[in-house]
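The values are calculated or read from the model by the stated rules, or taken from the named source; none is laboratory data. This structure is a prediction, so every number in the text was calculated from the model and none was measured. Neighbour counts are summed over all protein chains in view; Cβ atoms, including those assigned to glycine, are modelled from backbone coordinates with ideal geometry.
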Amino acid sequence: MKSETLIKIENIIVQRGGATVLDISEFHVQSGSIMALIGPNGAGKSTLLLTLAGLLRPQRGQIYFRGQSVDTHAGRTILRRNAAVVFQEPLLLSSSVYDNIALGLKFRRLRHDDIRKNVQEALDYFGISSLAKRSAKTLSGGEAKRVSLARAFAIKPRLILLDEAFNSLDPPTRETLIEDLRHILEETKITAVLALHDREETLRLAQDVAVMSGGKIIQSGTTSQIFNQPDSEFVANFVGTETILEGTVKRSNAGLMEISVAGKNIEAVGDFLPGQNVYCCLRPENIIVSKKIPEKISARNVFEAKVQKIIRHGFFYKLMLDCGFTLVAYITMPSCEDLGICEGSTIAASFKATAVHVMRRE
Amino acid sequence: MELIVQGIKKAFELIVSFDPEVMGITWLSLKVSGTATLISLFIGVSIGTAVALTNFRGKRLVISLINTGMGLPPVVVGLFVTIMIWRNGPLGFMEILYTPYAMIIAQAIIATPIVMGISLVAIQNLPPNLRLQILSLGASRSQMVWVLIKEARLPLLAAVMAGFGGVISEVGASIMVGGNIKGYSRVLTTATVMETGKGNFDVAIALGIILLLLAFLVNFLLTQIQQRQHPR
């Protein structure tokens, strides 16, 4: 099934106080997809969301909603009525939870019965039926967030825009909300654009990702493209490629390259020409750590490594390894103890040629 | 001491016996100040909200002017209204000098900046993204403004209280434009001034007590409403 383009923007410029805060030549979202916008604070994610929602009129550029230009007042109203934004703060009104969720439906002057039906459905989706009569101002942070999400879903928008939906929630609350949201998006098939800053949330929720910085989209693609084949050092860093090594291609033959990095050779898949300066990117989860250099191993790249530093990282240890160049690897806490690894000890690090993502370096 | 005890005794007699003159004065006070507050509520809330929600050059100047207006001296307002409605003044044709209508106009002029200033702050203090959130749920502009006003209802109630409190207790403008005509434009404050001047302390005290009671009752009622919506 070929899906239509729900919303597309072209040559958008948004300025605020003389400074350009958004500068996007082309960006579109397919109907039914879930797109994440990631990037550091001030990258323009929120501004892009407001632009997509029709709440912010750009100084220049075109917005098309379902193929129709959103240039007239009528066009903007159609977009505004079909898109719902959920802001970082819950922004609930001081009335009951029910009345808060009914708000958008009342704006549309729906019949009383229809309002009740839609509100009940939204309450059920987010598992907050028991809160319906509560005053919205007495809710906990997680409950308030659910109400603000339910309020947006109740109007059955074609496009839902979530700005840092999981910020300032404690981990268990966040965890269940992410799961619920994933199910609801799957079930309702509502197109969603989510501004996120957490890699894990991005991986769990989104199929497509656009990486933003300084008001621009630096790279966009499927989640696996962005995470495994970043096309710049900035994106690589941002998506958690811990190891980014500078090297030069020495040999290149039938899709396999030999790259010289700090005097060592790394084998990688790709076809850059010899002499090309490149970055070798390695995600920490692709690096295998063992006590000694294994005798039989399928991995093409095996190095003796000295443990420089062990950093606790959630349930993992992050190892900074010196192999002549610095490699970053993750290891679980039990295996770290099994292997008897401590700072200063010498171990072996290996990775496959396919695990190395090679980018051009100017 | 005798004077005060006597005065208070007499005052209670007047109140408990529902003295027709005292009741008439009280009723007129309520009508004049109530109407003036209502008018100031419409003008003050709409202009206050409009100023809060729009950005224009000179916005700060306008806000400063409104804030200055919150402390408008009643005698100056009285003077201004008198000049305007004087027999051969610009609005003299209306022939309303020394009528309750003139008092309503003067009191509305006093209360409007108070209500305007407080509603402006009330709307400005709402979360900045609330406006966008309401619009994004599909509200028209007027629906959005109405939701914002409802959301700011507690500080707006405070605006009503402040406006009413300001005009019910005001005497300068009322005496200048109303003339304190017995049975026609005499209100609690103007009557208190007159009775005190004449040395009728008992009546003056009675009127003073009623004025205090009235102010208390109205504020008590509004506070009741306010606290019910803000359980804590």
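Scanning the stretch A:218-246 for residues that are in contact with a strand residue (DSSP E or B) (Cβ under 8 Å, 6 or more places away or on another chain), of a type outside the set (D, E, K, R) and not in a helix (DSSP H, G or I) yields a count of 13. Restricting B:Leu221, B:Leu213 to those that are free of Cβ contacts under 8 Å to residues at least 12 places away in the same chain, hydrophobic (A, V, I, L, M, F, W, C), under 27 Å from B:Val77 (Cα atoms) and surrounded by fewer than 16 Cβ atoms within 10 Å (Cβ to Cβ) reduces the list to B:Leu213.
Looking at the structure I just gave you, is B:Leu97 crowded, with 20+ Cβ neighbours inside 10 Å and either within 14 Å of chain A (Cβ to nearest Cβ) or at pLDDT below 95 (or both)? The answer is yes for B:Leu97.
Residue-by-condition table, conditions (1) surrounded by fewer than 23 Cβ atoms within 10 Å (Cβ to Cβ); (2) touching a Gly at 6+ places or on another chain (Cβ under 7 Å); (3) in the same structural domain as A:Val70 (by TED's automatic domain parsing):
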position	(1), (2), (3)
A:Ser95	yes, no, yes
A:Leu105	no, no, yes
A:Ile115	yes, no, yes
A:Leu139	yes, no, yes
A:Arg158	yes, no, yes
A:Phe166	yes, no, yes
A:Leu169	yes, yes, yes
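As an exercise: evaluate B:Glu170 against (1) of a type outside the set (A, V, I, L, M); (2) surrounded by fewer than 18 Cβ atoms within 10 Å (Cβ to Cβ); (3) on the phi < 0 side of the Ramachandran plot; (4) more than 14 Å from chain A (Cβ to nearest Cβ) and give the number of the one condition it does not meet. It is condition (2) that B:Glu170 fails.
Pairs linking a residue in the stretch A:334-361 that is at positive phi to a residue that is modelled with pLDDT under 85 and of a type in the set (Phe, Trp, Tyr), with Cβ atoms under 8 Å and 6 or more positions apart or on different chains, do not occur.
Scanning the stretch A:3-28 for residues being in a loop (DSSP other than H, G, I, E, B) and either within 22 Å of A:Ser232 (Cβ to Cβ) or away from chain B (no Cβ under 14 Å) (or both) gives a total of 3. Scanning the stretch B:16-33 for residues that are within 13 Å of B:Leu214 (Cα to Cα) and out of contact with any helix residue (DSSP H, G or I) (no Cβ under 6 Å at 6 or more places or on another chain) turns up B:Met23, B:Trp27, B:Leu28, B:Leu30, B:Lys31.
Has the stretch B:38-61 got any residue that is in contact with a Phe, Trp or Tyr (Cβ under 8 Å, 6 or more places away or on another chain) and modelled with pLDDT of 95 or more? No, the stretch B:38-61 contains no residue that is in contact with a Phe, Trp or Tyr (Cβ under 8 Å, 6 or more places away or on another chain) and modelled with pLDDT of 95 or more.
Could you list, in sequence order, the residues of the stretch A:82-96 that are touching a helix residue (DSSP H, G or I) at 6+ places or on another chain (Cβ under 9 Å) and not hydrophobic (A, V, I, L, M, F, W, C)?
Those that are touching a helix residue (DSSP H, G or I) at 6+ places or on another chain (Cβ under 9 Å) and not hydrophobic (A, V, I, L, M, F, W, C): A:Gln88, A:Glu89, A:Pro90, A:Ser94, A:Ser95, A:Ser96.
Return the residue satisfying two criteria in turn: it lies in the stretch A:49-71 and is out of contact with any helix residue (DSSP H, G or I) (no Cβ under 9 Å at 6 or more places or on another chain) and more than 14 Å from every other protein chain (Cβ to nearest Cβ), and of such residues it is surrounded by the most Cβ atoms within 10 Å (Cβ to Cβ). Before you say what the answer is, go through the steps one by one.
In the first step, residues of the stretch A:49-71 are kept if they are out of contact with any helix residue (DSSP H, G or I) (no Cβ under 9 Å at 6 or more places or on another chain); the result is A:49, A:51, A:59-60, A:62, A:64, A:67, A:71.
Next, from what is left, pick out any that are more than 14 Å from every other protein chain (Cβ to nearest Cβ): A:59-60, A:62, A:64, A:67, A:71.
On the way: A:Gln59: 11, A:Arg60: 11, A:Gln62: 13, A:Tyr64: 18, A:Gly67: 10, A:Asp71: 12.
Applying the filter and picking the extreme gives A:Tyr64.
Any residue at all in the stretch B:160-181 that's more than 23 Å from B:Gly208 (Cβ to Cβ) and of a type in the set (Val, Ile, Thr)? Taking every residue of the stretch B:160-181 in turn, at least one turns out to be more than 23 Å from B:Gly208 (Cβ to Cβ) and of a type in the set (Val, Ile, Thr). Consider the stretch B:126-146 and keep the residues that are surrounded by fewer than 22 Cβ atoms within 10 Å (Cβ to Cβ) and in contact (Cβ under 8 Å) with a residue 12 or more places away in the chain. The one that is farthest from the other protein chains (Cβ to nearest Cβ) is B:Val145.
Among the numbered conditions (1) under 11 Å from the mean Cα position of the chain (by Cα); (2) closer than 18 Å to A:Leu91 by Cα, the only one that A:Val193 does not meet is (2).
For the stretch A:72-99, the set of residues classified as within 12 Å of chain B (Cβ to nearest Cβ) and over 29 Å from A:Lys145 (Cα atoms) consists of A:His73 only.
Test B:Gly117 against the stated conditions and say whether it is within 21 Å of B:Thr26 (Cβ to Cβ), in contact (Cβ under 8 Å) with a residue 60 or more places away in the chain and either of a type outside the set (Val, Ile, Thr) or surrounded by fewer than 21 Cβ atoms within 10 Å (Cβ to Cβ) (or both). For B:Gly117, the condition - within 21 Å of B:Thr26 (Cβ to Cβ), in contact (Cβ under 8 Å) with a residue 60 or more places away in the chain and either of a type outside the set (Val, Ile, Thr) or surrounded by fewer than 21 Cβ atoms within 10 Å (Cβ to Cβ) (or both) - is not met. Within the stretch A:151-187, the set of residues being touching a helix residue (DSSP H, G or I) at 6+ places or on another chain (Cβ under 7 Å), part of a helix (DSSP H, G or I) and among the polar types (S, T, N, Q) comprises A:Thr173 only. Total residues in the stretch A:100-119 satisfying the condition of being more than 7 Å from every other protein chain (Cβ to nearest Cβ) and either touching a residue at least 24 places away in the same chain (Cβ under 8 Å) or touching a strand residue (DSSP E or B) at 6+ places or on another chain (Cβ under 9 Å) (or both): the figure is 6.
Within the stretch B:147-163, restricting attention to residues that are hydrophobic (A, V, I, L, M, F, W, C) and within 12 Å of another protein chain (Cβ to nearest Cβ), which residue is farthest from B:Met116 (Cα to Cα)? The qualifying residue farthest from B:Met116 (Cα to Cα) is B:Val147.
Yes or no, residue by residue, for (1) within 14 Å of chain B (Cβ to nearest Cβ); (2) under 13 Å from A:Gly32 (Cα atoms); (3) among the hydrophobic types (A, V, I, L, M, F, W, C):
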| residue | (1), (2), (3) |
| --- | --- |
| A:Ala144 | yes, no, yes |
| A:Asn167 | yes, no, no |
| A:Thr173 | no, no, no |
| A:Leu177 | no, no, yes |
| A:Ile184 | no, yes, yes |
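All but one of (1) more than 20 Å from B:Val76 (Cα to Cα); (2) in contact (Cβ under 8 Å) with a residue 40 or more places away in the chain; (3) charged (D, E, K, R) hold for B:Lys198; which doesn't? Result: B:Lys198 fails condition (2) only. Would you check which residues across the stretch B:26-63 are of a type in the set (Ser, Thr, Tyr), in contact (Cβ under 8 Å) with a residue 24 or more places away in the chain and within 19 Å of B:Val160 (Cα to Cα) and list them? Passing the criteria: B:Ser29, B:Ser33, B:Thr35, B:Thr37, B:Ser40, B:Thr49. Do we have A:Lys133 as among the charged types (D, E, K, R), more than 8 Å from chain B (Cβ to nearest Cβ) and assigned to a loop (DSSP other than H, G, I, E, B) here? Considered against the rule, which asks whether it is among the charged types (D, E, K, R), more than 8 Å from chain B (Cβ to nearest Cβ) and assigned to a loop (DSSP other than H, G, I, E, B), A:Lys133 comes out as yes.
Note on the stretch A:275-306: residues that are aliphatic (A, V, I, L, M) and assigned to a strand (DSSP E or B) amount to 6. The set of residues from the stretch A:119-128 being hydrophobic (A, V, I, L, M, F, W, C) and not in a loop (DSSP other than H, G, I, E, B) comprises A:Val119, A:Ala122, A:Leu123.
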